[in-house]
Amino acid sequence: MATNGANPLRDTADRRLPRIAGPSGLVIFGVTGDLSRKKLMPAVYDLANRGLLPPGFSLIGFARRDWEDEDFAQVVHDAVKEHARTPFREEVWQQLSQGMRFVQGTFDDDSAFETLKSTIEDLDKSQGTGGNFAFYLSVPPKFFPKVVQQLKQHGLAEQKEGSWRRAVIEKPFGHDLKSAKELNAVVHEVFPPHEVFRIDHYLGKETVQNILALRFANTLFEPIWNRSYVDHVQITMAEDIGIGGRAGYYDGIGAARDVIQNHLLQLMALTAMEEPASFDADALVAEKTKVLGAVRLPKDLAADTVRAQYAAGWQGGEKAVGYLQEDGIDPKSKTDTYAAIKLEIENRRWAGVPFYLRTGKRLGRRVTEIAVVFQRAPHSPFDHTATEELGQNALVIRVQPDEGVTLRFGSKVPGTSMEVRDVSMDFQYGESFTESSPEAYERLILDVLLGDANLFPRTEEVELSWQILDPIEEFWEKHGRPAQYESGTWGPAEADEMLARDGRSWRRP
Ligand code: BG6
């Protein structure tokens with residue numbers, strides 16, 4: 001019998017040790033896109049630089065461009081130089097570039113998939129990749145069915161004894177519940193569920209993984225993490241950028257589908273879930289799906305949801321155009337660039353505690369945080385004037401960019417007979433740890449190669465998240481136009497009014 005509380009049935013791997021991927025390779029579809037250049041290629045290099053990839057690791061790019069292997073390697077080289085987190089080391093690069101190949105073709109080009117097959121076979125021989133390949137679909141979802149069908153047809157998705165083939169899919173996982181189900185069906189027809197890795201890059205962020213450590217490795221917070229002490233929770237993902245060159249992707253999708261359906265609901269699930277039986281994927285999914293399944297939408301969607309579009313304004317000292325004036329945007333577009341919703345979780349822990357989720361582009365500044373705001377003291381022995389300036393206690397998980405945790409509470413102002421004001425206690429990653437945080441994509445790509453599914457949302461979670469969002473999107477679709485907010489501000493007045501009706505206000509991080 002375990003005496004130290006350890007579960008003897010759990011795997012005994014020491015999670016402090018670096019995990020190194022076994023023989024393997026990665027095929028990227030959509031390799032000429034922004035994500036690939038800015039995140040995927042640099043993450044592969046950073047992993048190699050940290051010694052976490054096998055010596056023969058191979059990277060195959062698949063795209064329409066008329067490139068040779070050397071051209072592709074040059075593109076990766078430039079992307080790495082520009083965006084990698086760790087310093088450029090010639091010897092690491094030399095070794096990595098040995099395994100780089102480019103396959104030219106379109107998704108309906110059978111011969112290109114045959115070339116891909118023979119390229120993989122060659123790499124198995126020359127680089128020792130052992131037949132283990134992950135196919136990363138960094139392409140719009142409308143191409144998923146074609147690509148996975150082609151992989152199947154050309155025998156590329158076959159799971160052979162002693163090796164693996166995996167599919168990695170980028171969001172959006174559908175447009176609504178119906179399309180998500182169709183998409184899941186198409187992918188699962190070709191790849192078994194445990195070989196499908198859906199990327200929600202927020203789950204790869206250190207600060208997001210730390211939610212579990214903060215809650216379940218400590219005794220301090222859990223006893224008060226419930227309706228008896230928590231007044232409400234605010235989850236904010238604010239961006240200062242506009243839609244940039246992504247009009248084609250963004251218009252018609254909007255803020256809620258782009259980030260609430262995935263990132264924000266995942267943050268909410270991690271904040272609200274019960275302690276999992278272990279830290280493995282099944283146990284985590286079980287708890288997250290319970291939370292998502294218990295979400296209740298507001299009765300009055302007009303009052304408790306807000307969507308809006310940025311209008312012209314000033315951002316970082318520069319003039320910014322409104323959403324409808326952005327290149328490639330339909331001037332009559334109703335797409336939301338800001339969304340705020342109020343949700344409740346119907347279970348014993350959270351009944352009656354609102355979770356306010358908001359996100360927006362072109363807001364005051366870039367910040368993502370989870371603020372657990374506590375109730376006021378039930379009774380105060382101080383005069384009213386002594387606590388006039390005192391806010392509510394709050395625990396703020398600062399996801400980015402200033403990573404850390406803040407605890408806000410009241411303290412006596414020195415020299416006064418009695419006046420209590422808010423102060424904060426801060427934990428900053430940079431001050432407490434010498435190790436810098438890996439990029440989310442480093443962690444997630446490594447997990448894919450290792451077959452570790454903990455940080456990847458499963459079908460059930462994706463579908464439950466759409467189930468939450470669909471009625472809101474349908475309501476918005478039927479009712480009027482989005483509100484407006486000036487670029488560089490904290491969003492529309494309607495969102496402030498939404499909280500004011502509940503006697504609360506948004507934090508100004
Ligand atoms: C992506 C969204 O998932 O997340 C983008 O599609 C958004 O619209 C991005 O800009 C933000 O990611 P991060 O890691 O910079 O917060």
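Computed from the coordinates by the stated procedures, all read-outs in this text should not be read as laboratory data. The structure presented is a predicted model; accordingly, all values stated were derived computationally and were not measured. Quick reminder, even Gly has a Cβ in these numbers, built from the backbone with ideal geometry, and neighbours come from all protein chains shown.
Annotations
- The residues LEU214, LEU446, when put in order of fewest to most other Cβ atoms within 10 Å, stand as LEU214, LEU446.
- Kirkwood Rh and Cα Rg combined as Rg over Rh, evaluated for the range 314-452: 1.07
- Between the range 210-285 and the range 131-192, the alpha-carbon centres lie 26 Å apart.
- What the Cα atoms of the chain give is an Rg and a Dmax of 24.3, 83 Å.
- Scanning residues 5 or more positions from GLN484 or on other chains, those with amide H under 5 Å from its amide H are GLN309, with H placed 1.01 Å from N in the peptide plane.
- Debye equation applied to the C-alpha atoms of the range 269-353, log10 I(q)/I(0) at 0.13, 0.15, 0.20 Å⁻¹: -0.68, -0.76, -0.89
- Across the range 343-352, coupling constants 3J(HN,Hα) worked out from phi with the 6.51/-1.76/1.60 Karplus curve, θ = phi - 60°, read 10, 10, 10, 8, 8, 5, 5, 10, 3, x Hz, and Gly and Pro carry x.
- Stretchable slack from ARG504 to ALA13, in nm (0.36 nm times residue separation minus alpha-carbon distance): 172.2 nm
- Neighbour-count ranking [beta-carbon atoms within 10 angstrom, fewest first] of THR236, THR337, THR86, THR434: THR434, THR86, THR236, THR337
- Sorted ascending by nearby beta carbons within 10 Å, beginning with the fewest, TRP314, TRP466, TRP93 become TRP314, TRP93, TRP466.
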